[in-house]
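First up is the structure itself, then whatever we jot down about it.
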Amino acid sequence: MTERPDLKQALGRLLGPGASEIGCDECFARLDEYVDVELAGGDADAAVPGLRAHLDGCPACREEHDSLRALLDTHR
Amino acid sequence: MTLPAPATVGRTDMNPATAPVTGGAPRTPQPLDADSREWLRSLRASGAEREAATARLHALLLRAARFEASRRAARLPHLRGNELDEIALEAADDALMSVLARLDDFRGASRFTTWVYKFALLEAAVKLRRRSWQGREVPLEPESWDRFEAAVLAPEERAEQGELLASLQHGIDEVLTAHQRRVLVALALNEVPIDVLAERLNTTRGALYKTLHDARRKLRKHLEESGLALAVWLGEEER
């Protein structure tokens, strides 16, 4: 089978992450903890299980995660 | 079917001050770092000290909201700089209310500044997503399915991929409820931002994502029962 990143991406949007994930409200509640652990070089996925999978499935929460990381990179 | 655009852009529906937290293990309070302790002490003080701390907090939130606005500015070419700044200021004002209402919820799992930044980023992001869709109708039916097929079908693998896409479309049409189908199509196929759809359907981001999650689970099950090697298509074999 030929590698098809566009197909994989389109299917991923429709079918979401295969792994167990938390919801948007818990993602928001724990996003600060997750990002601080990430920036400290720790195991953020162990600290907040299911948040990474949620970011894979929710573009809005992923954008807010990326913004928080970028902001802290700039202003810390 | 489309949803008409509302007349104005409203407040965020995912209200951090009231949004319930569901699932997951409860967090144990952490020892606070000195900076976080000082923020909490000064914001809980009275008189001029509290006013000064609140003003410093607002400045932090405004910095975060402007940061978010600047990241999105290229995708909002129709907005002038002063409009972006007005949205950032409104986001900072709303975030300030949320943070002050939830001070007792801060448990020290992160730095205090990290915790407050996320409120401003959320408020700004939601307002800007909604502003970018203001006046636009939200498509709820798979008008773009043909475009989707054309984009993802490779001529040399048309038969194999055609089977996958036919099963996918059958699942969307037959396995999902009407509400699940509308939400999945709008969010995952037509790429409507979840906050925009939440506003149009008068619901919350969390509720919509739950619907999307349930629809995705059903579709995955349908495809797996059809005998398709889903993990291979999705590149999930090594997870």
What are the pairs with Cβ atoms under 9 angstrom where one residue, in the stretch B:130-151, is in a helix (DSSP H, G or I) and the other, located anywhere, is of a type in the set (Gly, Ala, Ser) and modelled with pLDDT under 70? Sequence gap at least six, or different chains.
B:Arg130/B:Gly10
Members of the stretch B:148-183 that are touching a Lys or Arg at 6+ places or on another chain (Cβ under 9 Å) and either at pLDDT below 95 or in the same structural domain as B:Ala124 (by TED's automatic domain parsing) (or both):
B:Val152, B:Ala154, B:Glu157, B:Gln161, B:Gly171, B:Ile172, B:Asp173
Just one of the numbered conditions (1) more than 24 Å from B:Arg71 (Cβ to Cβ); (2) more than 7 Å from chain B (Cβ to nearest Cβ); (3) touching a Leu at 6+ places or on another chain (Cβ under 7 Å) is not true of A:His65; which one?
(1)
Looking at the stretch A:2-47, which of its residues are more than 7 Å from chain B (Cβ to nearest Cβ), modelled with pLDDT under 95 and farther than 16 Å from B:Asp214 by Cα?
A:Glu3, A:Pro5, A:Gln9
Over the stretch B:58-84, the set of residues at pLDDT 95 or above and acidic (Asp, Glu) is B:Glu68
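I'd like to know if the stretch B:184-199 contains one or more residues that are of a type outside the set (A, V, I, L, M) and in contact with a Pro (Cβ under 7 Å, 6 or more places away or on another chain). Walk me through it before giving the result.
To start, the set of residues in the stretch B:184-199 that are of a type outside the set (A, V, I, L, M) comprises B:190-191, B:193, B:195, B:199.
Checking the rest, the ones that are also in contact with a Pro (Cβ under 7 Å, 6 or more places away or on another chain) come to B:190, B:199.
Among the residues of the stretch B:184-199, at least one is of a type outside the set (A, V, I, L, M) and in contact with a Pro (Cβ under 7 Å, 6 or more places away or on another chain), which makes the answer yes.
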Would you say B:Ala55 is among the aliphatic types (A, V, I, L, M), farther than 30 Å from A:Ala46 by Cβ, buried (at least 16 other Cβ atoms within 10 Å of the Cβ) and at pLDDT 95 or above?
no
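May I ask you to say which residue of B:Arg200, B:Arg181, B:Arg220 is touching a strand residue (DSSP E or B) at 6+ places or on another chain (Cβ under 6 Å), basic (Lys, Arg) and assigned to a helix (DSSP H, G or I)?
Working: B:Arg181 fails: touching a strand residue (DSSP E or B) at 6+ places or on another chain (Cβ under 6 Å); B:Arg220 fails: touching a strand residue (DSSP E or B) at 6+ places or on another chain (Cβ under 6 Å).
Just one listed residue meets the conditions, B:Arg200.
The values are calculated or read from the model by the stated rules, or taken from the named source; none is laboratory data. Nothing here was measured: the structure is a model prediction, and the numbers come from that model. Reconstructed Cβ throughout: ideal geometry from the backbone, glycine too, with neighbour counts over all protein chains shown.
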